[in-house]
Amino acid sequence: MTPIAAASGPPVTPMMAQFLAIKADHPDALLFYRMGDFYELFFNDARQAAAALDITLTKRGKHNGEDIPMCGVPVHSHDQYLSRLIRKGFRVAVCEQTENPAEAKKRGAKSVVRRAVVRVVTPGTITEDALLDARANNYLAAIAEAQGALGLAWVDVSTGAFFAQASAPAHLAAQLARLKPGEILCPDILADRDDLADVWNDWRDVLTPQPAARFDSTNGARRLETLFGVKTMDAFGGFGRAEMAAAGGLLDYVELTQKGKLPRLSPLTRIAPGGVMDIDAATRRNLELSETLSGTRKGSLLATIDHTVTGTGARLLASRLAAPLTEVAEIEARFCDVQFCVDESHLRDDVRALLKRCPELERALSRITLGRGGPRDVAAVEAGLALSAVARALFDGKTASQGLQASLNGLGNHGELVAELAAALDDDLPLLARDGGFVRRGYRADLDELRMMRDESRRLIAALQTDYQADTRIGALKIRHNNVLGYFIEVPARHGDTLMGADGPYIHRQTLANAVRFATVELSELEGKIARAADAAVALEVEVFDALVSQVLAAADAVANTARALAELDVAFALADLAVVRRLTRATVDNSRDFVIEQGRHLVVEAALERGDGEKFIANDCLQDDDQGRLWLLTGPNMAGKSTFLRQNALIAVMAQMGSFVPCARARIGVVDRLFSRVGAADDLARGRSTFMVEMVETAAILNQAGDRALVILDEIGRGTSTFDGLSIAWAVTEHLHGVNRCRALFATHYHELNALQAKLSGLSCHAMKVKEWQGDVVFLHEVGPGAADRSYGIHVGQLAGLPAAVVTRAEQILQTLETGQQSSALTKLADDLPLFSHAPATVKAAFGPRPPSEAERAIKAVLPDEMSPREALDFLYALKAMECSD
Ligand code: ADP
Ligand code: MG
């Protein structure tokens, strides 16, 4: 570490003293210290930034006798450096000059220009388009605890979206996986809590612990009440104290990093418990909902179904996919919107073509409310609002669905504001207001006059050049301009003496190798005029800009509603477009426990096949109801399509409940409240757990948590261990799912022995991937049919892969013996007979004996009488009786 405090030793320069004082207030951020056209970094900041950005580390002056390391980034292109630093996990405090050097000089020749940190840039608080993904929200989340309960709140500073939800240690991981925050705040005491250690493990890089005092629930409630101008937060819904503490902590942090400024925030919206489908992190990963297992968006379900044409729409679609609904009425309402857009094909084309031209309204508004907006942001607001009126007009004479009607109302009426902004803003706009040149001619007479003066003087200067040329008879005489001298007359060196000697108006300023420069009183006077007019013009433009900004701010909430409404239109029409292009159908969603999908397809696999060799995707049924059973066992060889079938059904449930049409011929879905998907022996080396351990931890979570409204996808669970272990586990898991969880489940397994359970478990039904053997080849039909696979074809695949013939023959021999052995249930004898197991009979015995508790005994052990309804108790009794008979 570089010693930063200047305790003793040689005196520091006034500038370095200023730097050290500011840096002391921001120890955990890199300090971008503004010096002219650069942001400079010093000491350790410089070392870290130079390494992270791969830029040169230099030095400047000395501190305590040692060189001060320094590096810098140009102000005009600092965005890209900033974004790289933020992505690498740094926080950056941006320190600006708050007065100009001339003002500083007035206080004395040696005075340092005043500087102050105007903003701390952190991953969760960025607002620049260059630093943000246009199609994803960037949430800042906070977790707090009050009265023994956890609360979660999240805000997108770049859009103003603001939410809260109750939480609990068991739910937090799934909630965070849903939001994927760019930064997470929590009181330091929570960061150290053992029961949350696993949660933090996944988010270590973005976790910013804060002093616990910032999360006081009473303070939080008061801050929210002040912010929204209400007497009590009850008006917004029954927030728990922990939720308000979290929301308060968020506000505090945003103000802290924005140096007292808050962006416009939408009213805090509460996500009610159970209002959205619960999908934990592992399930999201396995199903590749918004990104693939390798972390890319491409190839995910989101990328495949996202037909939106605006960033705001894309973000809304992504958040709907992340949080499918559970209320039938709400889901149906979304279906009606999509249906309307499907039916209105011309309107759909028109609206989508229009929305394509819609600028990023939400984020422009947010920058404006933070005082960080420029003329282009105001123009984006104007264009977006103007477009919203056109969009509404497209619906004239049509009766839209209820949801869309609400969106149309949300578009609002901004005619006056649009007219004002359009009149004020020119077509070509600078990034910053202080650059001037953005106010349209004719908007302000006084501004036009100043500009005329400025331009007229420029014209006069050009005329002067001709005069001076005639006067001196030097054709090569030019009037030029640079930042040091301002305007000057320049003649080639050989003419220098002509002007120097004469007693004309020419005052010598500078002699260069091949040119001599002069000034005249006339020229300086004209220059002064130009400068004054230009300064005055820019000052007027800034004034105009501030006035426009105030008008936008006055309408900020309405503008935000418009942006939201445009996003809703975009999503509804995008889902309709998807439905038409990919041949989707409207599902029926109800409160039954059925899951009936006819001719279902996996959109992502289907699209991949189309892009590849054009192979056709084979559609398959998944018919889970009273008749066909709700626990489906699926067997079949590798590569037959088991995983695809499992996932496509989970994805159909997600798509339906987010309000989208679904890829199948017909669907009837009893609302799924919780979705689980597990893949056996998935690699999770990053977390440092054995794959089998992970598999078991995840399976345990399902068996402990899945209720009768859950949908469970198990893909080859029990594979990560020895065959007998694995088979036993798979067997027991199947029984538990059937008897205790009683959820809808699809279980793909290569243990075809499990099919024996069908005789015993009434709700279990067996299915297999159809395979055709043809001329010694195995052909996968990708078709799910009733029944069970009788063999795995593993040896066959091995043969195709080039295993030596002797090994294949021997393997077939062993397999045959094993299979005969199992049929006669002579497992122990089998093990003794076989060379393969001759050294390990004990293991085999350990796996299957001594006498395991009977199924009935296990069921009795597992049952919780306190939690049973009389009906369930009766059912249980019948089930016990059935087990007794079969045991
Ligand atoms: P399994 O889990 O049985 O090993 P997968 O589900 O991984 O098999 O499928 C293997 C490959 O088979 C997929 O990558 C896909 O190319 C193809 N496939 C799977 N299901 C289908 C289907 N229904 N129609 C056409 N091709 C399919
Ligand atoms: Mg598979």
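Looking only at the stretch 430-457, filter to residues that are farther than 13 Å from residue 544 by Cβ and surrounded by 18 or more Cβ atoms within 10 Å (Cβ to Cβ); which one of those is nearest to the chain's Cα centre (by Cα)?
Going through the stretch 430-457, the residues farther than 13 Å from residue 544 by Cβ turn out to be 430-432, 435, 449, 452-457.
Checking the rest, the ones that are also surrounded by 18 or more Cβ atoms within 10 Å (Cβ to Cβ) come to 454, 457.
Values: 454: 49, 457: 53 Å.
Applying the filter and picking the extreme gives 454.
Would you confirm whether any residue within the stretch 587-598 is surrounded by 21 or more Cβ atoms within 10 Å (Cβ to Cβ) and touching a Gly at 6+ places or on another chain (Cβ under 7 Å)?
Step one: filter the stretch 587-598 for residues surrounded by 21 or more Cβ atoms within 10 Å (Cβ to Cβ), giving 587, 589, 595, 597.
Then keep just the ones that are touching a Gly at 6+ places or on another chain (Cβ under 7 Å); that gives 595.
Yes: one or more hits.
On the basis of being buried (at least 18 other Cβ atoms within 10 Å of the Cβ), β-branched (Val, Ile, Thr) and modelled with pLDDT of 95 or more, does residue 581 make the cut? So that I can check it myself, show each step before the final result.
Details: buried (at least 18 other Cβ atoms within 10 Å of the Cβ): no; β-branched (Val, Ile, Thr): yes; modelled with pLDDT of 95 or more: yes.
No: the conditions fail for residue 581.
Name the residues in the stretch 303-327 that are among the aliphatic types (A, V, I, L, M) and within 17 Å of residue 338 (Cα to Cα), would you? Break it down into steps so the answer makes sense when it comes.
Kept after step one, since they are among the aliphatic types (A, V, I, L, M), are these residues of the stretch 303-327: 303, 305, 309, 314, 316-318, 321-323, 325.
If the condition is that a residue be among the aliphatic types (A, V, I, L, M) and within 17 Å of residue 338 (Cα to Cα), then 305, 309, 314, 316, 317, 318, 321, 325 are the ones that fit.
Quick one: in the stretch 477-497, of everything that is modelled with pLDDT under 90 and small (Gly, Ala, Ser), which residue is farthest from residue 521 (Cα to Cα)?
496
Take the residues in the stretch 609-627 that are of a type in the set (Gly, Ala, Ser) and loosely packed, with under 11 Cβ neighbours inside 10 Å; name whichever of them is nearest to ligand 2 (Cβ to nearest atom). Even if it seems obvious, please write down each step before you answer.
Taking the stretch 609-627 as the starting set, the residues that turn out to be of a type in the set (Gly, Ala, Ser) are 612, 614, 619.
Subsequent filtering for residues that are loosely packed, with under 11 Cβ neighbours inside 10 Å retains 612, 614.
Numbers: 612: 18, 614: 23 Å.
By that ranking, first place goes to 612.
If you go through the stretch 531-541 one residue at a time, do you hit one that is touching a helix residue (DSSP H, G or I) at 6+ places or on another chain (Cβ under 8 Å), more than 30 Å from residue 487 (Cα to Cα), more than 16 Å from ligand 1 (Cβ to nearest atom) and β-branched (Val, Ile, Thr)?
If we filter the stretch 531-541 for residues that are touching a helix residue (DSSP H, G or I) at 6+ places or on another chain (Cβ under 8 Å), which is where we start, we get 533-534, 536-538, 540-541.
The next check asks that each one be more than 30 Å from residue 487 (Cα to Cα); those that pass are none.
Looking through the stretch 531-541, none of the residues is touching a helix residue (DSSP H, G or I) at 6+ places or on another chain (Cβ under 8 Å), more than 30 Å from residue 487 (Cα to Cα), more than 16 Å from ligand 1 (Cβ to nearest atom) and β-branched (Val, Ile, Thr).
Could you tell me whether any residue of the stretch 298-316 is in a loop (DSSP other than H, G, I, E, B) and modelled with pLDDT under 95?
Looking for residues that are in a loop (DSSP other than H, G, I, E, B) and modelled with pLDDT under 95, one finds at least one in the stretch 298-316, hence yes.
If you go through the stretch 140-176 one residue at a time, how many are free of Cβ contacts under 8 Å to residues at least 60 places away in the same chain and within 17 Å of residue 560 (Cβ to Cβ)?
So the count comes out to 1.
Taking strands (runs of 3 or more DSSP E) that do not extend beyond the stretch 742-807, which have at least 2 residues that are open to solvent by 60 Å² or more (accessible area, probe 1.4 Å)? Before the answer, list the steps.
Numbers: elements: 744-748, 764-774, 777-786.
So the answer is 764-774, 777-786.
Determine, yes or no, whether residue 65 is among the small types (Gly, Ala, Ser) and over 22 Å from residue 122 (Cβ atoms).
Numbers: among the small types (Gly, Ala, Ser): yes; over 22 Å from residue 122 (Cβ atoms): yes.
Taking the combined requirement at face value, the residue satisfies it.
Show the residue pairs that are 6+ apart or on different chains and have beta-carbon atoms under 7 Å apart, the first residue being within the stretch 628-647 and under 17 Å from residue 773 (Cβ atoms) and more than 9 Å from ligand 2 (Cβ to nearest atom), the second being polar (S, T, N, Q) and in a loop (DSSP other than H, G, I, E, B).
Pairs found: 635/749; 637/792.
Since residue 66 meets every condition but one in (1) farther than 24 Å from residue 130 by Cα; (2) touching a strand residue (DSSP E or B) at 6+ places or on another chain (Cβ under 6 Å), which condition does it not meet?
(2)
Results for (1) surrounded by fewer than 10 Cβ atoms within 10 Å (Cβ to Cβ); (2) at pLDDT 80 or above; (3) of a type in the set (D, E, K, R), shown as yes or no for each residue.
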position	(1), (2), (3)
815	no, no, no
826	no, no, no
829	no, no, yes
840	no, no, no
853	no, no, no
856	no, yes, no
859	no, yes, no
876	no, yes, no
880	no, yes, no
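List pairs: first residue in the stretch 457-476 and closer than 16 Å to residue 487 by Cβ, second residue open to solvent by less than 40 Å² (accessible area, probe 1.4 Å) anywhere in the structure, Cβ distance under 6 angstrom, at least six positions apart or on different chains.
457/526; 457/530; 460/526; 461/479; 461/526; 465/479; 468/477; 469/477
Please find, within the stretch 642-668, the residue that is farthest from ligand 1 (Cβ to nearest atom) out of those that are over 29 Å from the mean Cα position of the chain (by Cα) and surrounded by fewer than 24 Cβ atoms within 10 Å (Cβ to Cβ).
668
Given the condition of a type in the set (A, V, I, L, M), touching a Ser or Thr at 6+ places or on another chain (Cβ under 8 Å) and outside any helix (DSSP H, G or I), answer yes or no: does some residue in the stretch 164-175 qualify?
Here is the first cut: in the stretch 164-175, the ones of a type in the set (A, V, I, L, M) are 164, 166, 168, 170, 172-174.
Those still in the list that are touching a Ser or Thr at 6+ places or on another chain (Cβ under 8 Å) too: 164.
From the residues that got through so far, the ones that are outside any helix (DSSP H, G or I) too are 164.
Checked the stretch 164-175: at least one residue is of a type in the set (A, V, I, L, M), touching a Ser or Thr at 6+ places or on another chain (Cβ under 8 Å) and outside any helix (DSSP H, G or I).
When the residues of the stretch 580-637 are filtered to those that are basic (Lys, Arg) and within 29 Å of the chain's Cα centre (by Cα), which remaining residue is nearest to ligand 1 (Cβ to nearest atom)? So that I can check it myself, show each step before the final result.
As a first pass, look at the stretch 580-637 and keep what is basic (Lys, Arg): 582-583, 586, 593, 601, 611, 616, 630.
Adding the requirement that they be within 29 Å of the chain's Cα centre (by Cα) leaves 582-583, 586, 601, 611.
Working: 582: 15, 583: 15, 586: 22, 601: 7, 611: 11 Å.
The qualifying residue nearest to ligand 1 (Cβ to nearest atom) is 601.
Would you tally the residues in the stretch 709-719 being open to solvent by 40 Å² or more (accessible area, probe 1.4 Å) and over 17 Å from residue 279 (Cβ atoms)?
Filtering the stretch 709-719 for residues open to solvent by 40 Å² or more (accessible area, probe 1.4 Å) gives 709, 719.
Of the ones still in play, those that are also over 17 Å from residue 279 (Cβ atoms) are 719.
The total comes to 1.
Against the definition (free of Cβ contacts under 8 Å to residues at least 40 places away in the same chain and either open to solvent by 10 Å² or more (accessible area, probe 1.4 Å) or over 26 Å from residue 674 (Cα atoms) (or both)), how does residue 303 come out, yes or no?
Details: free of Cβ contacts under 8 Å to residues at least 40 places away in the same chain: yes; either open to solvent by 10 Å² or more (accessible area, probe 1.4 Å) or over 26 Å from residue 674 (Cα atoms) (or both): yes.
In short, yes.
When the stretch 248-285 is examined, which residues are found to be of a type in the set (A, V, I, L, M), surrounded by 15 or more Cβ atoms within 10 Å (Cβ to Cβ), over 17 Å from residue 142 (Cα atoms) and out of contact with any helix residue (DSSP H, G or I) (no Cβ under 6 Å at 6 or more places or on another chain)?
If the condition is that a residue be of a type in the set (A, V, I, L, M), surrounded by 15 or more Cβ atoms within 10 Å (Cβ to Cβ), over 17 Å from residue 142 (Cα atoms) and out of contact with any helix residue (DSSP H, G or I) (no Cβ under 6 Å at 6 or more places or on another chain), then 276, 279 are the ones that fit.
Open to solvent by less than 50 Å² (accessible area, probe 1.4 Å), within 30 Å of residue 422 (Cα to Cα) and not in a strand (DSSP E or B), is that true of residue 526? Explain how you work it out, then say what you get.
Numbers: open to solvent by less than 50 Å² (accessible area, probe 1.4 Å): yes; within 30 Å of residue 422 (Cα to Cα): no; not in a strand (DSSP E or B): yes.
Taking the combined requirement at face value, the residue does not satisfy it.
Restricting to the stretch 432-484, what's the tally of residues that are closer than 30 Å to residue 367 by Cβ and of a type in the set (Ser, Thr, Tyr)?
Adding up the residues that qualify gives 1.
A quick yes/no check of all residues on (1) touching a residue at least 40 places away in the same chain (Cβ under 8 Å); (2) assigned to a helix (DSSP H, G or I); (3) crowded, with 16+ Cβ neighbours inside 10 Å:
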{"site": "39", "(1), (2), (3)": "yes, no, yes"}
{"site": "60", "(1), (2), (3)": "no, no, yes"}
{"site": "95", "(1), (2), (3)": "yes, no, yes"}
{"site": "104", "(1), (2), (3)": "no, yes, yes"}
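The values are calculated or read from the model by the stated rules, or taken from the named source; none is laboratory data. In this text the structure is predicted, and so the values were computed from the model without any measurement. So basically every Cβ, Gly included, is an ideal-geometry build from the backbone, and we count neighbours across all protein chains shown. In case anyone asks, the SASA skips ligands and DNA or RNA and just uses the protein heavy atoms, side chains included. Shrake-Rupley method; radii C 1.70, N 1.55, O 1.52, S 1.80 Å.
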